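A.B. asks: Quick one: the structure is below, questions incoming.
Read-outs throughout are calculated quantities, based only on the coordinates presented, and are distinct from any laboratory measurement. Since this is a predicted model, take the numbers as computed values, not measurements. Please note: Cβ atoms are built from the backbone with ideal geometry, for glycine as well, and neighbour counts cover all protein chains shown.
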Ligand code: ADP
Ligand code: MG
């Protein structure tokens, strides 16, 4: 299977504080890959590094064949259109309605006509299970679950092959969270997406992930499927997965 993300020996420091001390992982095309670890272990920072929003101190990251440490401006701009991102806070613009939020990447990165953009937005709204009549609502007028769906529709606006989700179900009620899991599985199949997801939602982890990387003590303490986790000696793993399949 082709790997489309290769993280090699990544080290990250903020001043004297070491956050990552040599992370290695690889994400294969078509999989839903999870990143799990204690709060403050540098999951979001790793995301930001993969998204070229944050510099790492050492190591290399290759995504879709591009070495991020050496990439030129034009290639970087192109790469930015090939992934979609859903950040932890959802981050819809509160002054824009759903339709305008989803249209934003299309107006920013393409010169498509207004009519074409409207059609794409309408399609994405339906794709994530929102109704066409929701398009004119503002973020303050919709539920948490709908916000996540709208943010997901915006992440999918440019038809990316790769999707980054940072704790997509956190803050959702259980029914919305399970519905979001089902949506992720549906979209992976329908669109052939590769998905990298930070999560600490155990149900979501077991429902959606093919493989998982666990960060603890600044390193990847486990990378692999969900079945073999119990053989790993890590206090975080023992605590986090306690009670699951009688680990
Ligand atoms: P997680 O997402 O796993 O909870 P983060 O990646 O948000 O963790 O943060 C990892 C650590 O790095 C935390 O201690 C955080 O305070 C620190 N950190 C993150 N970004 C910065 C920054 N820009 N400057 C200084 N410290 C930072
Ligand atoms: Mg985080």
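A.B. asks: Compute the Rg/Rh shape ratio of segment 68-116: radius of gyration over Kirkwood radius, all on alpha-carbon atoms.
C.D. replies: Checking Rg against Rh, the ratio lands at 1.04.
A.B. asks: Quick one: grab the alpha carbon gyration tensor of the chain, order the square roots of its eigenvalues as a ≥ b ≥ c, and give me rounded if a/c is under 1.5, else prolate or oblate depending on whether a/b is larger than b/c.
C.D. replies: Judged from the Cα gyration tensor, the chain comes out oblate (a/c at least 1.5, b/c at or above a/b).
A.B. asks: Between residue 189 and residue 126, what is the label-point separation in nm under the 7 Å Cα-to-beta-carbon projection?
C.D. replies: If labels sit at residue 126 and residue 189, their model points lie 2.0 nm apart.
A.B. asks: Then there's this: More than 18 Å apart: what percent of Cα pairs in segment 35-91 qualify?
C.D. replies: 37
A.B. asks: Same structure, new question: Provide the FRET efficiency to the nearest 0.05 for the residue 77-residue 242 pair, computing r from the beta carbons and using R0 = 51 Å.
C.D. replies: 0.70
A.B. asks: In the chain, what percentage of the DSSP-assigned beta bridges are antiparallel, given to the nearest 5?
C.D. replies: Here the antiparallel bridges make up roughly 55 percent for the chain.
A.B. asks: Please give the Cα centre distance for segment 1-77 versus segment 163-228, rounded to the nearest Å.
C.D. replies: Cα centres, segment 1-77 to segment 163-228: 17 Å.
A.B. asks: Fewest to most neighbouring Cβ within 10 Å: what's the order for 20, 200?
C.D. replies: Placing the least packed residue first, the sequence is 200, 20.
A.B. asks: I would also like to ask the following. Stretched out fully, how many nm does the piece from residue 227 to residue 134 gain, at 0.36 nm a residue minus the Cα gap?
C.D. replies: 29.4 nm
A.B. asks: Give the angle, between 0 and 90 degrees and rounded to the nearest 10, that separates the Cα long axis of helix 144-155 from the longest principal axis of the Cα atoms of the chain.
C.D. replies: For helix 144-155, the angle is close to 90 degrees.
A.B. asks: If you don't mind, there's one more thing I want to ask. Would you please state the base-10 log of I(q)/I(0) at q = 0.24 1/Å for segment 141-247, with intensities from the Debye formula using one equal scatterer on every alpha carbon?
C.D. replies: With one equal scatterer per Cα and no solvent, log10 I(q)/I(0) is -1.36.
A.B. asks: P(r) of segment 1-132 in 5 Å steps, Cα pairs, percent per bin?
C.D. replies: All Cα pairs considered, the percentages come to 2, 8, 15, 18, 17, 15, 13, 8, 4, 1, 0.
A.B. asks: Could I ask something else about it? Between residue 143 and residue 182, what is the label-point separation in nm under the 7 Å Cα-to-beta-carbon projection?
C.D. replies: Calculated label separation equals 1.3 nm.
A.B. asks: Continuing with the same structure: Dividing the alpha-carbon Rg of segment 178-239 by 2.2 N^0.38 Å yields what?
C.D. replies: Compactness ratio reported: 1.23.
A.B. asks: If you don't mind, there's one more thing I want to ask. Sort 146, 50 so that the residue with the fewest other Cβ atoms within 10 Å of its own Cβ comes first and the one with the most comes last.
C.D. replies: 146, 50
A.B. asks: How high is the relative contact order of segment 121-225, in percent, with contacts defined as C-alpha pairs under 8 Å that are six or more residues apart?
C.D. replies: Here the relative contact order equals 22 percent.
A.B. asks: Is the C-alpha gyration tensor of segment 112-164 telling us rounded, prolate or oblate? Criteria: a/c under 1.5 is rounded; beyond that, a/b larger than b/c is prolate, otherwise oblate.
C.D. replies: Verdict is oblate for segment 112-164.
A.B. asks: Counting only C-alpha contacts under 8 Å and six or more residues apart, can you give the relative contact order of the chain as a whole percent?
C.D. replies: It comes to 26 percent, rounded to a whole number.
A.B. asks: Another question, then. How much length would be gained if the chain were fully extended between residue 6 and residue 67, taking 0.36 nm per residue of separation minus their Cα-Cα distance, in nm to one decimal?
C.D. replies: That works out to 21.0 nm of additional length.
A.B. asks: Taking the 0 to 90 degree range and rounding to the nearest ten, how far is the long axis of helix 174-191 tilted relative to the main principal axis of the chain, both from C-alpha atoms?
C.D. replies: Long axis of 174-191 versus the principal axis of the chain: about 80 degrees.
A.B. asks: So what is the relative contact order for segment 164-243, in percent, with contacts set as C-alpha pairs under 8 Å and at least six apart?
C.D. replies: 24
A.B. asks: How much length, in nm to one decimal, is gained on full extension between residue 161 and residue 116, taken as 0.36 nm per residue of separation minus their Cα-Cα distance?
C.D. replies: 14.1 nm
A.B. asks: Just to compare against my own numbers: the Cα pair-distance distribution for segment 120-197, 5 Å bins, whole % per bin, please.
C.D. replies: 3, 15, 29, 27, 18, 7, 0
A.B. asks: Give me the Debye-computed log₁₀ of I(q)/I(0) at q = 0.11, 0.16 Å⁻¹ for segment 77-219, equal point scatterers on Cα only, no solvent, two decimals.
C.D. replies: -0.40, -0.83
A.B. asks: Starting from the Cα gyration tensor of segment 1-75, multiply each eigenvalue by 5, take the square root, and state the resulting semi-axes largest first in whole Å.
C.D. replies: Output for segment 1-75: semi-axes of 20, 16, 10 Å.
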